[in-house]
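Report on one structure; see the data block that follows.
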Amino acid sequence: MGSYVKNQLHALVFLIICLIASVAMAQQEDQPENDSLSRKETHKELRKAFRKDNRQVFVSFSGVKAKLNTTASFDVQDGLLTANVGLEKNLGLPSEKSFFTGSIMYRITPSSGIYAKYYGIDRAKSYTTKEDVIFLRDTLPAGSEARGYFNTQVASAGYLLSLLKDPNAFLGAYLNIYVMSLGTGVSSDLGNIDAKVNFTAPLPNLGLVALFKLKEWLYINGNIGFFSLYLDDFNGSLYDFSASLMFKPIKWFGIDVSYQEFDIRVVFPNDDIQTTIDYNFRGPAVGLNFLF
């Protein structure tokens, strides 16, 4: 429940920032709107401003210093086996990790475009268990030498629709398809244990992305996305959020500092065991941005 409330607060803050920035952009207009322009002429003027401002493509690369929290739960339908494993606590996986993310926003026209993102995190650790650990149907006794891992690869791409048309601001809604791959497992020479769980699936994601120019050299930007799906043999939810302040020393290049968060929960069958993966990372980031 706490995570749900926190996600809602992030969404509210993001929308408030977008609203404030939109009002600020409107107040900065030096010239009144020419009511005599036809819709066609207005569209033409917007297209000219759009191309002149060199903002058809926005490419971002970030290095994230993240805190991670991962839990795997296993339930047999008849209740014979129930286990809850904290991968950082019980298997010694690193709770902090640095990694890179990237995104591309390609505005094909002033009204539409493509938005894509990618990130990947791989973690592995050899660890001496401090207590008995159940993973799938295998049990690692306390004091066992084990090697655990958790790997994540996420790529998404989809349609971007402009909600705000202004030379100094952009607010868009996107509908993306996430291709997500999660893999976790544990192995030990004791008892020849080699237990693995893998999950790969395309998942829909709906969100907002924004970019506002405060000064010639200063921008704020961010995105927030949601997904939730419940079926008979699968259910899951996804939430991602980022907010950044970008310093732009030259027209086509910027440096930003940001905060990023990603949270996912998936429930799916693995043989006859119902498997639940809860995974979260959050932390500050420093990035490079290129505008073409």
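One table, with the values for the structure above:
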quantity: Label-to-label distance, nm, for residues given as V257 and L229 (7 Å Cα→Cβ offset); calculated: 3.8 nm
quantity: Relative packing of peptides 260-268, 117-125 - highest average C-beta neighbours within 10 Å first; calculated: 260-268, 117-125
quantity: Computed over region 147-205, Kirkwood Rh from alpha-carbon pairs, angstrom; calculated: 14.6 Å
quantity: Derived scalar couplings ³J(HN,Hα) [region 122-133; Karplus, 6.51 cos²θ - 1.76 cosθ + 1.60; whole Hz; x for Gly, Pro]; calculated: 10, 9, 8, 7, 8, 8, 9, 5, 9, 8, 4, 10
quantity: FRET efficiency estimate (nearest 0.05) - Cβ-Cβ, F247 to S111, R0 22 angstrom; calculated: 0.15
quantity: Label point at D132 placed 7 Å out along Cα→Cβ; residues across region 169-206 whose backbone nitrogen lies under 16 Å; calculated: 191
quantity: Sequence-distant residues sharing a close amide H with L93 (under 5 Å, placed H); calculated: E88
quantity: Dmax and Rg, reported as Rg then Dmax, of region 120-233 (C-alpha, Å); calculated: 21.7, 65
quantity: Listed pairs K97/K196; K65/K215; K67/K89; K97/K117; K65/K165; K117/K215 exceeding 24 Å between Cα atoms; calculated: K65/K215; K65/K165; K117/K215
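Throughout, read-outs are computed from the coordinates displayed, never taken from laboratory work. This is a predicted model, so every value here is computed, not measured. In this analysis, Cβ positions are derived from the backbone assuming ideal geometry, glycine residues included, and neighbour counts consider all displayed protein chains.
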